[in-house]
Amino acid sequence: MTASRADLPGSSLLARLDIPRLLLAPVPLVMLQPILTHIAGHVARTRPELFARLGSHAGKRFLVDPVDLPFVLVLRPDPQRPRLRAYRRYENPRHDAGIAGTFLTLLDMIDGSLDGDALFFSRDLRVSGDTEAVVALRNALDDFEGGVVDNIVDAFGPLSRPVALALSALRAFRARSLHA
């Protein structure tokens, strides 16, 4: 289920240049893996209710496809052993359910600032596979007290402030490019 950025509407010409994809393409995924493992573990330790809320879907594999990045992520929200792993798009990793959208759209959705249903019906978000699992994940995120993104940023410890500033800058760039 790898979508392309061109498949999703609402992209400005500048955003369609796939700058994030070009910048991140040469980054070896082995360098990202410890960060992703730390994030998954941090969220599981600090917010176990998020994974518990998934019930029988906690063992499922969720393909998270940020279409403007050169890789996809597979989340397995098992409370005992959470995993978040990056794969190159061509690897087509095994998964039970898939969610695709731009990186910032996905980020804003998990943070609760964008409505997943509205994104789905506007086609800014694509869902595939086990839709019941996707709905369970969405409901768990909706019930999350505070922002999931804030919790993820906190996982960076002393680097959380620069990470938060980088996300803020990306969101401001997107806002400018959408209104240009």
Point to revise | Pick from the stretch 120-138, criterion surrounded by fewer than 16 Cβ atoms within 10 Å (Cβ to Cβ) and at pLDDT below 85, ranking: farthest from ALA97 (Cα to Cα) | key: SER122
Review point. Name the residues in the stretch 9-42 that are hydrophobic (A, V, I, L, M, F, W, C), exposed (fewer than 12 other Cβ atoms within 10 Å of the Cβ) and at pLDDT 70 or above, would you?
Key: LEU22, LEU23, VAL30, MET31
Study note, to complete from the structure: The correct count of residues that are at positive phi and not in a helix (DSSP H, G or I) in the stretch 141-168 is 1
Check your understanding: Within the group ASP124, ASP78, which residue is out of contact with any His (no Cβ under 6 Å at 6 or more places or on another chain) and in contact (Cβ under 8 Å) with a residue 40 or more places away in the chain?
Key -> ASP124
Check your understanding: Out of curiosity, is ASP117 more than 23 Å from PHE156 (Cα to Cα), of a type in the set (Asp, Glu), at pLDDT below 90 and out of contact with any Cys (no Cβ under 9 Å at 6 or more places or on another chain)?
Key -> yes
**Study point:** Residues of the stretch 69-82 classified as surrounded by fewer than 23 Cβ atoms within 10 Å (Cβ to Cβ) and either of a type in the set (S, T, N, Q) or assigned to a loop (DSSP other than H, G, I, E, B) (or both), total
**Key:** 7
Review point. Would a scan of the stretch 154-170 turn up a residue that is under 23 Å from GLY41 (Cα atoms), out of contact with any Leu (no Cβ under 8 Å at 6 or more places or on another chain), in contact (Cβ under 8 Å) with a residue 40 or more places away in the chain and of a type in the set (Asp, Glu)?
Key: yes
Review point. When residues of the stretch 160-175 are filtered for being among the hydrophobic types (A, V, I, L, M, F, W, C), loosely packed, with under 12 Cβ neighbours inside 10 Å and in contact with a helix residue (DSSP H, G or I) (Cβ under 9 Å, 6 or more places away or on another chain), how many remain?
Key: 0
Study note, to complete from the structure: Of the candidates ARG171, ARG138, ARG85, the one satisfying the condition of being under 16 Å from the mean Cα position of the chain (by Cα), part of a strand (DSSP E or B) and among the basic types (Lys, Arg) is ARG85
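The values are calculated or read from the model by the stated rules, or taken from the named source; none is laboratory data. Computed from a predicted model, the values in this text were never measured in an experiment. A quick note on method: Cβ atoms are made from the backbone with ideal geometry, for glycine too, and the neighbour counts reach across all protein chains shown.
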